[in-house]
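Read through the structure below, which is laid out as structure tokens, and then see the notes.
The values are calculated or read from the model by the stated rules, or taken from the named source; none is laboratory data. As the structure is a computational prediction, the values presented were derived from the model and not from experiment. For the accessible areas, the whole protein counts, side chains as well, though only heavy atoms, and no ligand, DNA or RNA atoms are used. Shrake-Rupley method; radii C 1.70, N 1.55, O 1.52, S 1.80 Å.
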Amino acid sequence: MYYKGRRYGGLVQQPLVKQESYKLVKRPSLFVFWFGLTLFQVAIAVYLLTHPNASNPSSLFINSFYAPVLIVFYMLALTSTQLSSELQYGTLKSLLYRRYSSSKILASKWVTLLLCTLVLYASSLIMSLCLAITVFNGKIDLVAKGIKGQQVWQIWLMNNISSFLTLIFILSFVCLLATLFENSTPAIIIGLSTYFIVSIFNQLMFMMIKQHEWIKWNPVNMMNLGNQLQNAELSKLTRLPLSQISLGYLIYAAAFFALSLVVFKYRNER
């Protein structure tokens, strides 16, 4: 098989993103999760059909039949293990021996994780739309007016964008943790803890910001970017306009990635 790339000492350098994508696709867990995610959405839809009083079909659709929740858990686990497992078992050395720079190795993993997240969200969106059109035909009006005059499909799309942006920010932090630990367990635990802390104690943080406005610049507040895109009035609680919270989001995410690169290079150049 022929691969395009530079050759060093008889070895062909393949594009790293292609290699990382290949390794990810070869993981049985990815397809098991994708199948389980699809099955989960169908199961939620079927349950609602048999128990119509359990929830509102439009509400379930707006939340993509709870698929984003499963995607968050899977991507946190995948991100924390993708690098730490290679450090733990020494497989990372094979890439370093082939003269790949630390920055290229880490960047390729970031890009692969981003692509994986996009694919999973796209898959859940397509499945949600299919269920709304087929299973709930006539019960979910995609163009009906909802919150603040937005149509149901617009609320659904913005809700998923909000979830996606929150997840990407957490993953940038988990990437840093994965470079600090050779074992993936601490990265998973801290990543999941961060997700739950943000979900549960967000209101407490808003109260603290109200008392001490400088707290608004903390990274946890920047994770509200997606929610603020969805609801502009959230700026009254975050105390940041959309431009500032967007800039803070990008700065913190870039800082996490930069720190992970510094730590990664230091550990592999010792």
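Based on Cα contacts under 8 Å between residues 6+ apart, the range 105-214 shows a relative contact order of 13 percent. Annotation: Phe40 carries an accessible surface of approximately 70 Å², with a 1.4 Å probe and no ligand, DNA or RNA atoms counted.
The spacing between the range 62-84 and the range 181-254, judged by their C-alpha centroids, is 18 Å.
Ranked from largest to smallest solvent-accessible area, with a 1.4 Å probe on the protein heavy atoms, Val174, Val32 come out as Val32, Val174.
Based on C-alpha pairs under 8 angstrom that are at least 6 apart in sequence, the range 159-264 has a relative contact order of 40 percent. Taking the range 136-270, how much of its Cα-Cα pair set, in percent, is spaced more than 26 angstrom apart? In whole percent, the long-distance tail amounts to 36.
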